[in-house]
Amino acid sequence: MTAIEYNGVYAKNYDALTGGETGAGPTVDMLCQVFEGAQNLLEIGVGTGRVALPLARRGFQVSGTEISPHMVERLNAKLQADSEAASRVHTRLIDLSEEQNAADLYDLRSDGAYVSLGSMCCISDDDDLLMMLRQVRTLVPEGGRLAIEAYSPLYFRTHVPDNGLTTMLPLDQGGQARTVTNLVDGGRAAELRTTITHGAEASKAGTMTEKVTLRGPQEYSALLKRAGWNVLVWDEEDGERGLYWILADAAAASGPDERGTWTSL
Ligand SMILES: C[S@@+](CC[C@H](N)C(=O)[O-])C[C@H]1O[C@@H](n2cnc3c(N)ncnc32)[C@H](O)[C@@H]1O
């Protein structure tokens, strides 16, 4: 499970901090190529719909899971103003890193799945992540793809000094975000504490904390394999990009998994 809930301050400022749908442009273009021919996609950690909404406008049906009601509230407000996207986006408040009744997941079955901007990095426990990857595998047919954008350990270990890295970002309408990033858990995770000040919109001010677990491509590959995925390719980490992509496809359900139980897919 995810230990930190993304609060109302996070949800209100999320699009301004990430560049919103405009910032998601390259990701959306890339996902359109990866999922060419697919109709239904599953997004784990859909957030405010930064990626799901443009994909819906490009013709995909998107089911998005979330655990933060604040983020889903923002997404639903956008859907109310966009009937075209609303007919193609469906959200569920559910945590797939916890074991769910398979029959309750029927509406999440998709041709492929993706995770953008490190939503899976919110899960610190490898067994929980394995549970999520296994459950997502049951929702995608053999050969269906899974694209994961994850935080790069090399980037954080290269750029975060012992006394923490402070970054400032101007926000629209006179606001400012000050983020202090520290490596925690012996360098296995990064904690990002952001303080928002807002000149014009005081209701958006406040603090928020994110903790992201830093797993490299080899670590993801090992977990993906155990969960019934074939790893196809990943971006080489160059230490200069905070995030990288890893792409897998669903392996055949060929026999007992390493726990000795048969997987029913
Ligand atoms: C950095 S945001 C990314 C949102 C969106 N994918 C994007 O690209 O803008 C991470 C999101 O993952 C959600 N999240 C964290 N753990 C989750 C889980 N176990 N299941 C579903 N969503 C989760 C958080 O609530 C948060 O909205």
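The values are calculated or read from the model by the stated rules, or taken from the named source; none is laboratory data. In this text the structure is predicted, and so the values were computed from the model without any measurement. All Cβ positions, even for glycine, are placed from backbone atoms using ideal geometry, and neighbour counts span all protein chains on display.
Please specify each residue of the stretch 27-74 satisfying the condition of being more than 18 Å from R109 (Cβ to Cβ), surrounded by fewer than 23 Cβ atoms within 10 Å (Cβ to Cβ) and aliphatic (A, V, I, L, M).
Hits for the stretch 27-74 are V28, M30, V34, I67, V72.
Given the criteria without any contact (Cβ under 8 Å) to a residue 40 or more places away in the chain, within 9 Å of the ligand (Cβ to nearest atom) and among the charged types (D, E, K, R), does E66 qualify? Break it down stepwise before answering.
On the way: without any contact (Cβ under 8 Å) to a residue 40 or more places away in the chain: yes; within 9 Å of the ligand (Cβ to nearest atom): yes; among the charged types (D, E, K, R): yes.
It is true that E66 is without any contact (Cβ under 8 Å) to a residue 40 or more places away in the chain, within 9 Å of the ligand (Cβ to nearest atom) and among the charged types (D, E, K, R).
So, T27, is that one hydroxyl-bearing (S, T, Y) and touching a strand residue (DSSP E or B) at 6+ places or on another chain (Cβ under 8 Å) or not?
Yes; evaluated as a whole, the condition is true for this residue.
For the stretch 1-23, name all the residues that are crowded, with 17+ Cβ neighbours inside 10 Å and either among the charged types (D, E, K, R) or under 21 Å from V136 (Cβ atoms) (or both).
The answer is T2, Y6, K12, D15, E21.
Within the stretch 176-210, work out how many residues are free of Cβ contacts under 8 Å to residues at least 40 places away in the same chain and in a strand (DSSP E or B).
Total meeting the criteria: 14.
Going by the structure shown, is L41 over 15 Å from A227 (Cα atoms), assigned by TED's automatic domain parsing to the domain that holds T18 and in contact (Cβ under 8 Å) with a residue 12 or more places away in the chain?
Numbers: over 15 Å from A227 (Cα atoms): yes; assigned by TED's automatic domain parsing to the domain that holds T18: yes; in contact (Cβ under 8 Å) with a residue 12 or more places away in the chain: yes.
In short, yes.
In the list A38, A24, A56, which residue meets the criterion of being farther than 26 Å from D128 by Cβ, modelled with pLDDT of 95 or more and within 9 Å of the ligand (Cβ to nearest atom)? Give the steps one after another, and end with the answer.
Details: A38 fails: within 9 Å of the ligand (Cβ to nearest atom); A56 fails: within 9 Å of the ligand (Cβ to nearest atom).
Unique residue meeting the criteria: A24.
Residue under question is V184, and the condition is that it be under 21 Å from the mean Cα position of the chain (by Cα) and assigned by TED's automatic domain parsing to the domain that holds I67; does it hold? Spell out the reasoning first.
On the way: under 21 Å from the mean Cα position of the chain (by Cα): yes; assigned by TED's automatic domain parsing to the domain that holds I67: no.
Considered against the rule, which asks whether it is under 21 Å from the mean Cα position of the chain (by Cα) and assigned by TED's automatic domain parsing to the domain that holds I67, V184 comes out as no.
Out of all the residues in the stretch 84-106, which are more than 15 Å from the ligand (Cβ to nearest atom) and either of a type in the set (F, W, Y) or surrounded by fewer than 15 Cβ atoms within 10 Å (Cβ to Cβ) (or both)?
E84, S87, N101, A102, A103, Y106
Among the listed residues A189, A150, which satisfies the condition of being crowded, with 16+ Cβ neighbours inside 10 Å and either out of contact with any helix residue (DSSP H, G or I) (no Cβ under 8 Å at 6 or more places or on another chain) or farther than 18 Å from S116 by Cβ (or both)?
A189
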